[in-house]
1. Identify the single condition in (1) touching an Asp or Glu at 6+ places or on another chain (Cβ under 6 Å); (2) open to solvent by 30 Å² or more (accessible area, probe 1.4 Å); (3) outside the structural domain of B:Glu23 (by TED's automatic domain parsing); (4) not aromatic (Phe, Trp, Tyr) that B:Ile108 does not satisfy, given that it satisfies every other one.
2. Which residue pairs have Cβ atoms closer than 7 Å, lie 6 or more positions apart in sequence or on different chains, and pair a first residue in the range A:77-99 that is of a type in the set (Phe, Trp, Tyr) with a second residue that is surrounded by 15 or more Cβ atoms within 10 Å (Cβ to Cβ)?
3. Can you name the residue in the range A:71-92 that is hydrophobic (A, V, I, L, M, F, W, C) and more than 21 Å from A:Val122 (Cβ to Cβ) and, of all such residues, is nearest to the other protein chains (Cβ to nearest Cβ)?
4. Check whether at least one residue in the range B:155-168 is farther than 27 Å from B:Asn35 by Cβ, basic (Lys, Arg) and surrounded by fewer than 20 Cβ atoms within 10 Å (Cβ to Cβ), and report yes or no.
5. Is one or more of the residues making up the range B:61-70 at the interface with chain A (Cβ under 9 Å from one of its Cβ atoms), out of contact with any helix residue (DSSP H, G or I) (no Cβ under 6 Å at 6 or more places or on another chain) and within 28 Å of A:Tyr54 (Cβ to Cβ)?
6. If the Cβ limit is 6 Å and pairs must be 6+ apart or interchain, which residue in the range A:20-47 that is more than 10 Å from chain B (Cβ to nearest Cβ) and over 19 Å from A:Glu129 (Cα atoms) pairs with which residue that is assigned to a strand (DSSP E or B) and open to solvent by 20 Å² or more (accessible area, probe 1.4 Å)?
7. Identify the single condition in (1) buried (at least 22 other Cβ atoms within 10 Å of the Cβ); (2) over 23 Å from A:Ile50 (Cα atoms) that B:Asn36 does not satisfy, given that it satisfies every other one.
There are 2 protein chains.
Amino acid sequence: MKKLENLQKQLGYEFKNIKILNEALTHKSTKMPYNNERLEFLGDAVMDLIVGEYLFKKFNKIAEGDMSKLRAALVNEKSFAMMAKELKIGEYINLSLAEENNGGREKISLLSDAYEAIMGAVYLEAGLEKVREIAINLLEICYPKIDLTNLVKDYKTALQEITQADFGVTPVYELTGSSGPDHKKEFEIALLLNGKEISRATGGSKKEAQQTAAKIALEKLKK
Amino acid sequence: MKKLENLQKQLGYEFKNIKILNEALTHKSTKMPYNNERLEFLGDAVMDLIVGEYLFKKFNKIAEGDMSKLRAALVNEKSFAMMAKELKIGEYINLSLAEENNGGREKISLLSDAYEAIMGAVYLEAGLEKVREIAINLLEICYPKIDLTNLVKDYKTALQEITQADFGVTPVYELTGSSGPDHKKEFEIALLLNGKEISRATGGSKKEAQQTAAKIALEKLKK
């Protein structure tokens, strides 16, 4: 377990009981009497709370629905695997030879599980504050810009993917009007599919009006 | 807000900032500039962690899958509404007249949301340890016997519901054998559906063997 020193340095936390870190790194394929599934269960809840609280405090105005969307964008396998890579966790995972030959050390799910398990292990041994410090630091490294537009609300892209797959067409956005003084202009955008207007919206910028129009169109198409 | 004193006594926690408790009790139907949805978002994650950790420590042997099932049995609307009733939260919720006339104070969803929001509020103001103390105390009042067989593993009932809905038949359990000395007897049970054997299992009691046989049958039927 000598080599775990590097991981602990990277993590910024030295375990008192190195066995718990070892358990967090042990994939079930090893068929050992212990593996990281229980710690992952705990770490998953730890991360939900830490990221939820982070968003709650960072965005003290946004509605619950948007907080949930933001958290879903940050708390998922892909995102945890990024953080695992940041810590080079792949190098330290204990796994079976078969899983190893199967590219296990690079697998998103294995990396994500091990990351959650390590966070669970730090939580158990050092408490919420320590694990929060580590996890938020990694979160901000992996996501330097956390905001709704960036992470969630790209309705235009979402809509285009759907209309191309379902109808083979791309939405067209037409500026149908603008109003108000220069410093507070409002733009009106119509969204057309195959020449037919699907939705219309206004916004403080063309991009904003387009996003809103795309959002309305998405809701209509879902029905 | 005078009357909130009773709720705080019941809770065993006095808020420094009573506004946050008031927010936790405010349903969105009031159309106030604030409501309890954000605190509920936070409280939901708090409860997941608290109950998850409780199960992790109480059952240090059971597998992750069973811990998840146990948690799902304890962390849900119905369960939170029970705890809300224990605290008489219904009396303190702020809601619109329409919602009030609609039986809002007794609604499972409203009670559950307010309970989660209050746990979120205690967490924000007093931290994880205080909210854990309150929540686990209530959990143990509402669920005096927390174990897998009690809360989760009624495979016989689950199987019967499925076979009756899908095939219009009820499973039959037949004792096909028993072995071992009296103080350590093993029973073998065959599970029949329409006279055809679906599964067979052994256990330390007939009930246990029946449950295992039902579990195997459930897995087979899912495929």
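1. It fails just one condition, (3).
2. Short answer, once both residue conditions are applied: A:Phe80/A:Ser112; A:Phe80/A:Tyr115; A:Phe80/A:Glu116; A:Tyr92/A:Leu4; A:Tyr92/A:Leu7; A:Tyr92/A:Leu25.
3. Here the answer is A:Ala72.
4. Yes, that holds for at least one residue.
5. Yes: the range B:61-70 contains one or more residues that are at the interface with chain A (Cβ under 9 Å from one of its Cβ atoms), out of contact with any helix residue (DSSP H, G or I) (no Cβ under 6 Å at 6 or more places or on another chain) and within 28 Å of A:Tyr54 (Cβ to Cβ).
6. A:Leu25/A:Asn94; A:Thr26/A:Asn94; A:Thr30/A:Asn94
7. Single failed check for B:Asn36: (2).
Okay, residues lined up against (1) at negative phi; (2) free of Cβ contacts under 8 Å to residues at least 12 places away in the same chain; (3) not in a helix (DSSP H, G or I):
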| site | (1), (2), (3) |
| --- | --- |
| B:Ile141 | yes, no, no |
| B:Ala165 | yes, yes, no |
| B:Tyr173 | yes, no, yes |
| B:Glu188 | yes, no, yes |
| B:Ala214 | yes, no, no |
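The values are calculated or read from the model by the stated rules, or taken from the named source; none is laboratory data. Quick caveat: nothing in here was measured; it's all calculated off a predicted structure. Quick reminder, even Gly has a Cβ in these numbers, built from the backbone with ideal geometry, and neighbours come from all protein chains shown. Areas reflect the complete protein model, heavy atoms only, side chains present, ligands, DNA and RNA absent. Shrake-Rupley method; radii C 1.70, N 1.55, O 1.52, S 1.80 Å.
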